1. Could the peptides 47-59, 192-204 be put in order, highest first, of the mean number of other beta-carbon atoms found within 10 Å of their residues?
2. Take the alpha-carbon centre of segment 24-51, take the same for segment 113-136, and report the distance between them in whole Å.
3. Within the accessible area of segment 252-438, what % is carbon and sulfur when the probe is 1.4 Å and the other protein chains stay in place?
4. Show that you can apply the helix-only estimate: for the chain, add -39,500 (n - 2.57) for every DSSP H stretch of four or more residues, divide by all residues, and state [θ] at 222 nm to the nearest 500.
5. Any lysines with Cα under 30 Å of the LYS310 Cα? List them, leaving off those in the same chain fewer than 8 positions away.
6. Please give the Cα centre distance for segment 160-187 versus segment 437-475, rounded to the nearest Å.
7. Can you list the residues, at least 5 places off or on another chain, whose amide H is less than 5 Å from the amide H of LEU172, using H built in the peptide plane?
8. Taking the simple approach of a point 7 Å from Cα along Cα-to-Cβ for both GLU383 and ASP400, what is their distance in nm?
Amino acid sequence: MQELTHWINGEHVKGTSGRFADIYNPATGEIQARVPLATPDEMAAAVAKAAEAQVGWANTNPQRRARVMMKFGALINDHMDELAELVSREHGKTLPDGKGDVQRGLEVVEVCMGAPSLLKGEFTDDGGPGIDLYSMRQPLGVVAGITPFNFPAMIPLWKMAPALSCGNAMILKPSERVPSTALRLAELLKEAGLPDGVLQVVNGDKEAVDSILDNDTIQAVGFVGSTPIAQYIYGRAASNGKRAQCFGGAKNHMIIMPDADLDKAADALVGAGFGAAGERCMAISVAVPVGAETADALVERLVPRIEKLKVGPYTSENEVDYGPVITAAAKQRIEGLIDSGVQQGAKLVVDGRGFSLQGYEDGFFVGPSFFDNVTPDMDIYKEEIFGPVLSQVRAETYEDALKLTMDNPYGNGTAIFTADGDTARDFAHRVNVGMVGINFPIPVPLSYHTFGGWKKSAFGDLNQYGPDAFRFYTRTKTVTSRWFSGIKEGGEFNFKAMD
Ligand code: NAD
């Protein structure tokens, strides 16, 4: 069986812990590789090497660092098919979706090609007599990225491209379920000219994460994953004096107004609810039609669309709509939540439990499920299911639908489908959610904006990628400078007011 490695100092390094995590092919249920889980000592050694390498990298001027990103972007493009296949093989998502995963990461690399302009400081000429002030953005040193299983290319790229462009070294701890893409990206970065040691991919589980959180050299932690872990990592990193931004789980609502184009809304719900088997933090998992007529008409349109969905392995290329979920445990959990929905009184209109695919009987496939008459007290509403399950909660009025969305503890994404500009505008203005779609179901902002949820979907300051990432991965130093050209005063004992 293939044994994966860490990536330390520009080369593959075998793990020494003797502990491994199994990597499955989710379509067949077979173990296809195993990945070493780092010890605290392995982590400490990787961090120490990164700290050495960071000094030279920080002293490399921003244009040269940006040129590494240019080359890296070109290499990602050249290897698009190979990277998408790596993503899909370990995650299970369809190949076109695997390409999307790589593409949305590549777009962040593209923004980082312009990093020098985002790293420019500020200057005040003559802030006082003969006094100039300037601020510069300097790298933090060694930073860490800890990433989830559901976007094996995109989220590591969201972390590494801005962090490295700013002159930091990075310890990347990818999900132990899908580590191969991150290892391949590290090889491509070396080929693009990144000096050895500046990016270290250290594989591991909680033990490796905890040794990141307690390491004094690491200055900042960027995390993406589930909410309980995000909250834990934020607390421990912050109490150790680190900068931390930790993005968590979601429960994304889509409001469908009576004046919406219901066919378009149904198409959007099916794509956003079941794409990638619902394993997206921006998946729509709750449909909220306003008014009984809208709800009934939506059900009529949704059911045939959901029943037509094709589920299968990524090797079927464009023939399937979505693939398996990540593990047997995830499948079991999702089906358990569907059971609970039935027991707690929701109407299971389409039942995806017990789905089996000929030739792939041991794969982790879950058929699509659709619940109507879901209420906020049910577990299927309260829990992030992270599977191909869409719940419909009926609302009587727009205000009820808005309140439901706002009372939900998560605040990652939301959408409204309507033909009325006033309603859309009111929704976008009032809703307490970080990313809003208007007639657009998965509003992941483009790479030159920023990505981040509110409430329990994110802990810490600033969003991911875009200008916020350049603030997160740098610190500001402000210099007040005076040259004694003709100013011949004595010592100054008061706090200087430059008026
Ligand atoms: P996860 O929280 O289980 O794992 C994320 C990372 O944390 C992994 O690298 C894992 O090794 C590590 N980890 C797991 N348990 C840990 C522990 N007890 N202590 C320390 N580290 C630990 O998440 P996942 O299942 O890989 O990913 C799915 C979750 O990620 C979903 O909740 C999804 O909504 C969320 N997500 C959020 C965003 C966002 O930007 N808000 C994006 C993608 C995914």
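The values are calculated or read from the model by the stated rules, or taken from the named source; none is laboratory data. Computed from a predicted structure; not experimentally measured. A quick note on method: Cβ atoms are made from the backbone with ideal geometry, for glycine too, and the neighbour counts reach across all protein chains shown. For accessibility, only protein heavy atoms count, side chains too; no ligands or nucleic acids. Shrake-Rupley method; radii C 1.70, N 1.55, O 1.52, S 1.80 Å.
1. Working: 47-59: 17.2, 192-204: 23.0.
Per-residue mean Cβ counts within 10 Å order the peptides as 192-204, 47-59.
2. 42 Å
3. Working: 3560 of 7530 Å².
The nonpolar share, carbon plus sulfur, comes to 47 percent.
4. Values: 16 runs with 191 residues, N = 499.
Only helices count here, giving -12000 deg cm²/dmol.
5. Answer for LYS310, where 30 Å is the Cα cut-off: LYS93, LYS99, LYS251, LYS264, LYS331, LYS347, LYS382, listed by chain and number.
6. Their Cα centres are 19 Å away from one another.
7. Placed amide hydrogens put GLY145, GLN200, VAL201, VAL202 under 5 Å from LEU172.
8. 2.7 nm
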